[in-house]
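Structure first, commentary second.
The values are calculated or read from the model by the stated rules, or taken from the named source; none is laboratory data. Computed from a predicted model, the values in this text were never measured in an experiment. Using ideal geometry, Cβ is built from the backbone for each residue, glycine included, and neighbour counts are taken over all protein chains shown.
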């Protein structure tokens, strides 16, 4: 009966012993490497403390020359400045990194150039942003992040043709940009409309694609044909229309047969009609109750628009966020205002 244990002279024993020694050696090498990196990081941090907060790009260049391993550390320093809103210091560090990097390190240079584009965007220098992103793309052509940011900038600048070109490039890379493309194409078609009727026809065809065009369509209808606006609202009841309805002069007769609870709530809150309809919007129902019980307070509504993704506030409804570029993330924030000093005791609690 064979032994359950290997004899030390067995060839398999030798192979196992060799593998064990190799794994131990590898483990020790990794340990020494980590300790060395830790020591190097500490030396770099001590060196970095010597710089005043207003250090110039040349100072960071000296650090990079003295300690090439400080690239990753300085990248984190630059990002920390950027996240903290100190774009000037972040810019100095990134410029030093860009100057120090070899022309052959295309991926790293592209990354730094994109970061510079982000800084210029935050600082309001949109043309510089485009140039930085374009340079990044010249190094790494399939940089989807830079392409998307370029598209956002062109959209902000109302250069919709170039924005569409960037979106087409993204779609060729496999990204789904259909909604944004349709939106920009809709904007372009509206710009080329020759008559008001043609504009209204285009808006009517775009209403189903997103709330932005539906709002524009309703806004125009309220000026030219309130009966048709009432028909539209019978099938389209949404809080996204509340600010438009609230700020419009509504004709009671045109909306007499409209069963839209939002419309009824607005008419009652503005004193155009009587009733106690629950609109589904708390603030509107409060103003409606105040107008019935204490009309002298003259309660009013205020509106803000916030991006649900990044929290950026805007004064008007948007299809894509001007800050983060998110689409379809606009949320209407409704507030209650006082119109006279007499209302302070009641409305300040809301």
Could you go through the stretch 271-278 and let me know if any residue there is under 35 Å from the mean Cα position of the chain (by Cα) and either in the same structural domain as residue 329 (by TED's automatic domain parsing) or surrounded by 16 or more Cβ atoms within 10 Å (Cβ to Cβ) (or both). yes
Quick check, is residue 286 in contact (Cβ under 8 Å) with a residue 40 or more places away in the chain, within 23 Å of residue 256 (Cα to Cα), part of a helix (DSSP H, G or I) and in contact with a strand residue (DSSP E or B) (Cβ under 7 Å, 6 or more places away or on another chain)? yes
For the stretch 181-207, name all the residues that are within 24 Å of the chain's Cα centre (by Cα) and either at pLDDT below 90 or more than 19 Å from residue 319 (Cβ to Cβ) (or both). 207
Which numbered condition in (1) part of a loop (DSSP other than H, G, I, E, B); (2) closer than 23 Å to residue 183 by Cβ; (3) more than 28 Å from the chain's Cα centre (by Cα) is the only one that residue 256 fails? (2)
Kindly check whether there is at least one residue in the stretch 133-153 that is surrounded by fewer than 14 Cβ atoms within 10 Å (Cβ to Cβ), under 23 Å from residue 215 (Cβ atoms) and without any contact (Cβ under 8 Å) to a residue 40 or more places away in the chain. no
Unique residue being without any contact (Cβ under 8 Å) to a residue 12 or more places away in the chain and either surrounded by 15 or more Cβ atoms within 10 Å (Cβ to Cβ) or in a helix (DSSP H, G or I) (or both) when the list is 189, 201, 181: 201
Condition check: over 17 Å from residue 330 (Cβ atoms) and loosely packed, with under 13 Cβ neighbours inside 10 Å. Does residue 196 satisfy that? yes
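Residue-by-condition table, conditions (1) more than 22 Å from residue 219 (Cα to Cα); (2) surrounded by fewer than 17 Cβ atoms within 10 Å (Cβ to Cβ):
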{"residue": "257", "(1), (2)": "no, yes"}
{"residue": "261", "(1), (2)": "no, yes"}
{"residue": "269", "(1), (2)": "no, no"}
{"residue": "281", "(1), (2)": "no, no"}
{"residue": "284", "(1), (2)": "no, no"}
{"residue": "292", "(1), (2)": "yes, yes"}
{"residue": "296", "(1), (2)": "yes, yes"}
{"residue": "299", "(1), (2)": "yes, no"}
Quick count over the stretch 310-324, residues being closer than 22 Å to residue 207 by Cα and surrounded by 15 or more Cβ atoms within 10 Å (Cβ to Cβ), is 5
